[in-house]
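Here's the structure we're looking at; comments come further down.
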Amino acid sequence: PSPPAAASGGLSPFDRRLKRKQKNWAALQVEPGKCDYLREEVGGRIADRVFDITRTFPLALDVGSGRGYIAQHLTKETVEKLVQVDVAENALKNAVETEIPTVKVVADEEFLPFKENTFDLVVSSLRYALLIYLFCFASLKIHHVLKPDGVFIGAMFGGDTLYELRCSLQLAELEREGGFSPHVSPFTAVADLGHLLSRAGFNTLTVDTDEIQVNYPGLFEVMEDLQGKYTVCMGESNCSWNRKPLLHRETMLAAAAIYREMYGNTDGSVPATFQIYYMIGWKYHESQAKPAQRGSATVSFGDLGKIEGLISRGKE
């Protein structure tokens, strides 16, 4: 089928119907704990950033909540009530229990069904759909549903995620098949996040990055673990419209050899890198601190270089 129009009027890069099927299937798989560790770790780090804000949030929204990887780390003293939204009803049915009063809503994360100025806090962890939120600025998005002085805290995979695997597959496909197609959903670069969040209407922005590296015996073990981590537990298989349905055996063997040759460790294992971007943005309110007017400074940067000398003379 042809790609449908996104809320912003452009074309959505993802097949939303396929994404819902992937996530519903993933939520029904047994023993998800074997590959949930990445989402649980990042969910805990997002919760830490919520705790750093010294206030209580009466109503919070978890976009693309899955099984509640953020909620299980939060407390009712910090968040009084939580709304969990996910496109897959099976994910919400299997959500982890939390002490916070929770409401579960089945909805497409691209079209949040909430009124303007509803939530004091919005969180989201490792959802490919965050890429949509950053590029499509329709009214019913995160900024729209936040109250003034509300805060958005999110995490998404960065542009260097699985770069070893992606490069090896591309080189192998070019060699064996004369071209390549994406096998992992697209990522964005950290340099773009601040600009995109600002365009969405957020201010007082904070963006930082972290990397988690896992070693495997070889490429096939990497892909087997990703099948569990992305597909079974996260429902994040590639769903781009131009995805390729399969890889030939000869291409896979060539990719495995390239992977080991280019990135292999001295002990024979190969690394897989997961880059995580964390972002915090606030919705404008009159009470927030404002930057000083341009040209209002009373001390120049040149004068700051003289401070050390003045301090030394003062001690003498």
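The values are calculated or read from the model by the stated rules, or taken from the named source; none is laboratory data. Just so it is clear, the model here is predicted, and its values are computed rather than measured. Note that each Cβ is placed from the backbone with ideal geometry, even for glycine, and that neighbours are counted across all protein chains shown. The protein model used for the area step is the full one, side chains on, heavy atoms only, and it has no ligands, DNA or RNA in it. Shrake-Rupley method; radii C 1.70, N 1.55, O 1.52, S 1.80 Å.
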Pairs with Cβ under 8 Å, 6+ apart, first in the range 247-275 and within 14 Å of Arg176 (Cβ to Cβ), second hydroxyl-bearing (Ser, Thr, Tyr): Ala255/Ser168; Ala256/Ser168; Ile258/Ser168
Qualifying residue in the range 167-178 (condition: at pLDDT 90 or above, among the polar types (S, T, N, Q) and crowded, with 17+ Cβ neighbours inside 10 Å): yes
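Of all residues in the range 102-130, which are of a type in the set (A, V, I, L, M), touching a Gly at 6+ places or on another chain (Cβ under 9 Å) and at pLDDT below 90? Break it down stepwise before answering.
The initial filter retains those residues of the range 102-130 that are of a type in the set (A, V, I, L, M), namely 103, 105-107, 112, 121-123, 126, 129-130.
Those still in the list that are touching a Gly at 6+ places or on another chain (Cβ under 9 Å) too: 121-123, 126, 129-130.
Answer for the range 102-130, where residues must be of a type in the set (A, V, I, L, M), touching a Gly at 6+ places or on another chain (Cβ under 9 Å) and at pLDDT below 90: Leu126, Ala129, Leu130.
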Where a residue in the range 141-155 is among the hydrophobic types (A, V, I, L, M, F, W, C) and its partner, wherever it lies, is surrounded by fewer than 23 Cβ atoms within 10 Å (Cβ to Cβ) and part of a strand (DSSP E or B), with Cβ under 6 Å and at least six apart: Val151/Trp282; Ile153/Ile280; Ala155/Ile276; Ala155/Tyr278
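Looking only at the range 82-101, which residues are of a type in the set (S, T, N, Q) and either surrounded by fewer than 19 Cβ atoms within 10 Å (Cβ to Cβ) or without any contact (Cβ under 8 Å) to a residue 12 or more places away in the chain (or both)?
Going through the range 82-101, the residues of a type in the set (S, T, N, Q) turn out to be 84, 90, 94, 98.
Hits for the range 82-101 are Asn90, Asn94, Thr98.
Could you grab me the full set of residues in the range 205-229 that are touching a strand residue (DSSP E or B) at 6+ places or on another chain (Cβ under 7 Å), surrounded by 13 or more Cβ atoms within 10 Å (Cβ to Cβ) and at pLDDT 85 or above? If you could, list the steps in order and put the result at the bottom.
Here is the first cut: in the range 205-229, the ones touching a strand residue (DSSP E or B) at 6+ places or on another chain (Cβ under 7 Å) are 205-216, 218-219, 222, 225.
Still in the running and surrounded by 13 or more Cβ atoms within 10 Å (Cβ to Cβ): 205-207, 209-210, 212, 214-216, 218-219, 222, 225.
Listed by number, the residues that qualify are Leu205, Thr206, Val207, Thr209, Asp210, Ile212, Val214, Asn215, Tyr216, Gly218, Leu219, Val222.
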Some residue of the range 180-201 being open to solvent by less than 20 Å² (accessible area, probe 1.4 Å), modelled with pLDDT of 85 or more and over 30 Å from Thr118 (Cα atoms): no
